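Structure, as C-alpha cells:
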Amino acid sequence: MIVNVVYGFLGAGKTTFIRYIMENPPEGEKVVILVNEFGEIGVDGLILSSIGGQTAEVVELPSGCICCTMAGDFRRQMLEIHERLSPDRIIVEPTGVATISQIMQILEGEDLRELFSDLRLIHLLDASEFMSFIKSHRSFIENQIRRSNSVLLNKIDRVKPVMLNLLIESIKEINPDVMVYPTSFGRLNNSALEAILGISSRGNDGLQIQSEDEIDHDHGLADQFESYGKRLLSSFSRKRLESFFEKMTSGKYGRVVRAKGIFETPEEWIKLELASGEVRVDVVPACKFGVISIIGQEIAKEALDASLAGCLMR
C-alpha cells in the first residue's frame with residue numbers, strides 16, 4: 001500500500017489537487033481518500049464524495065487536527081481502512097494547520113509502519129501568499145518544506161514570472177533536495193503527477209524515517225485558530241451569499257483566513273470559497289444538505305449567524 005499525504009496551509013489548493021487526482025486516477029488501483037478538517041463541519045469530504053463515484057472512496061475525519069487532538073482517531077481510522085477496504089493507495093488530506101512531522105510520527109508508529117511500502121509527502125504552497133506567510137510563521141513553514149518530497153507551488157497565475165523564480169529559489173534554499181512544481185489549480189502533466197504520487201517508482205524512495213531530533217513536537221497552528229460551521233437545510237440567494245463572502249475580507253467577522261461552503265439556491269447547487277483574499281463560485285452536483293465552514297481568529301459568530309440568515313430565500 002502507498003500513502004500520499006497532501007498537506008499545506010488553509011486555502012493552498014489541497015482539495016483542488018486531490019480532485020485532479022480523482023479525475024486522473026492511478027490505473028488499476030483501489031484508492032481511498034482520508035479527509036481531516038479543522039472545523040466542526042466538513043466541506044472538503046462532501047465535495048470529494050460528490051465527484052468520487054467509482055474513482056475513490058472518501059472517508060471523513062472532521063472536528064479537529066490529526067496531528068494532535070485527533071491523533072488516536074487518525075491511527076484507528078488508518079488501521080480500519082486497511083483492514084476493511086484493503087486499498088492500494090491512501091491519500092491523506094490533513095487540516096491546513098497540521099504539522100507534517102507529527103503526522104509522520106504517527107504513520108511511523110509500529111502499528112502503521114508495516115502497512116505501507118511507500119510514503120510520499122506532497123506539500124502545496126500558495127504562491128501569492130508565500131512571502132507574507134513565511135514572515136508570520138517562518139518556523140512552521142520551513143519545517144513543512146524540509147519534510148516534503150514534492151512542493152506544488154500553486155496559484156502561479158497570481159504572481160509575476162520574476163516573483164515565481166524568487167519563490168522557487170526560496171523553497172530550494174530551505175530544502176535543496178525537494179522537487180518544485182509550479183502549478184495553477186493543482187494541474188500537472190501525467191509524468192509529473194506519476195512522479196509525485198510514486199507511480200513511476202514503486203520502491204521506497206519516498207520514505208523518510210525521522211530521528212527523534214528531527215521531530216517537531218509542537219502541534220502546528222491549531223491553537224491559533226478557531227472555526228465556525230453549520231449544516232444547512234434551506235435555500236439561499238446566490239447574490240446575497242456572494243456579497244456575504246466578499247464582506248468576510250473586511251474584518252467585520254474577525255480575521256477570516258478561509259471560508260467555504262456548499263449551498264442550495266433556487267437555480268442550482270453552488271460552492272463558494274474564500275482563499276487568498278478572493279471569492280470563487282462554482283456549480284456543483286446536488287447534495288443531501290448544505291454546509292458552511294469558516295476558519296480564522298477572533299471569529300464573530302453571532303454576526304456570522306445574522307448575516308447567513310440574511311442570505312436565505314424569502
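Every read-out reported here was derived from the displayed coordinates using simple, explicitly stated rules and does not represent laboratory data. All values derive from a computational prediction rather than experimental measurement. Backbone-built Cβ (ideal geometry, glycine too); neighbour counts: all protein chains shown.
Pull up all non-local amide H partners of Trp269: gap of 5 or more, or a different chain, and H-to-H distance under 5 Å with H placed in the peptide plane.
Close amide H contacts, sequence-distant or interchain: Val284.
Which length gain, in nm to one decimal place, applies between Glu108 and Leu166 when the Cα-Cα distance is subtracted from 0.36 nm times their residue separation?
Once the chain is fully extended between Glu108 and Leu166, it gains 17.5 nm.
Report the one residue of Leu164, Ala56, Met248 whose Cα lies farthest in the direction of the positive end of the charge dipole of the chain (charges on C-beta: Lys and Arg +1, Asp and Glu -1; origin at the Cα centre).
Met248
Would you please give the residues with an amide H less than 5 Å from that of Arg89, counting only those at least 5 places away or on a separate chain, with H modeled from the backbone geometry?
Result for Arg89 returns Ile2, Lys30, Val32.
Top mean-square fluctuation among Glu129, Glu264, Glu114, Gaussian network model of the chain, C-alpha springs under 10 Å?
With Cα springs under 10 Å in the chain, the top fluctuation among Glu129, Glu264, Glu114 is at Glu114.
Please determine, in degrees from 0 to 90 and to the nearest 10, the orientation of helix 161-174 with respect to the longest principal axis defined by the Cα atoms of the chain, where the helix direction is its Cα long axis.
Compared with the principal axis, the helix lies near 50 degrees.
Only Lys, Arg, Asp and Glu count, each charged at its Cβ (+1, +1, -1, -1), so figure out the dipole size of segment 2-214 about its Cα centre, rounded to 20 debye.
Here segment 2-214 has a charge dipole of around 660 debye.
How large is ³J(HN,Hα), in whole Hz, for each residue of segment 20-34 in order, when computed from phi with the Karplus curve 6.51 cos²θ - 1.76 cosθ + 1.60 and θ = phi - 60°, using x for Gly and Pro?
Karplus values, whole Hz, x for Gly and Pro: 5, 4, 5, 6, 10, x, x, 5, x, 10, 8, 10, 10, 10, 9.
May I ask you to derive the relative contact order of the chain, considering only C-alpha pairs under 8 Å and at least 6 residues apart, and to give it as an integer percent?
Relative contact order, the chain: 20 percent.
Along segment 93-110, what does the Karplus equation 6.51 cos²θ - 1.76 cosθ + 1.60 (θ = phi - 60°) give for ³J(HN,Hα), rounded to whole Hz, x for Gly and Pro?
Values, residue by residue: 10, x, 4, x, 9, 7, 9, 5, 5, 5, 5, 4, 4, 5, 5, 8, x, 4 Hz.
Whose amide H sits under 5 Å from the amide H of Arg120, counting only residues 5 or more places off or on another chain, with H placed in the peptide plane?
Distant-sequence amide H within range of Arg120: Val3, Asn4, Val5.
Compute the angle between helix 138-147 and the longest alpha-carbon principal axis of the chain, please, reported from 0 to 90 degrees and rounded to the nearest 10.
With both axes taken from Cα atoms, the answer is about 50 degrees.
What translational diffusion coefficient, in µm²/s and rounded to a whole number, does the Stokes-Einstein relation yield for the chain at 20 °C and a viscosity of 1.002 mPa s, taking the hydrodynamic radius as the Kirkwood radius over Cα pairs?
Result for D is 107 µm²/s.
Along the charge dipole of the chain, which of Val180, Val35, Ser293 sits closest to the positive end, that is, farthest toward it, with unit charges on the beta carbon of Lys, Arg, Asp and Glu (+1, +1, -1, -1)?
Result: Ser293.
In the chain, what % of DSSP beta bridges are antiparallel (nearest 5)?
DSSP beta bridges in the chain are roughly 45 percent antiparallel.
Specify the residue with the greatest mean-square fluctuation among Arg187, Arg146, Arg84, computed from a Gaussian network of the chain linking alpha-carbon atoms under 10 Å apart.
Arg84
Here is the link list: Lys172/Lys247; Lys160/Lys230; Lys30/Lys260; Lys135/Lys252; Lys155/Lys247; Lys14/Lys230. Which ones come out longer than 31 Å on Cα distance?
Checking Cα-Cα distances, Lys172/Lys247; Lys160/Lys230 exceed 31 Å.
Calculate how steeply helix 71-85 sits against the longest principal axis of the alpha-carbon atoms of the chain, using the helix alpha-carbon long axis, and give the answer as 0 to 90 degrees to the nearest 10.
Relative to the chain, helix 71-85 is tipped by roughly 80 degrees.
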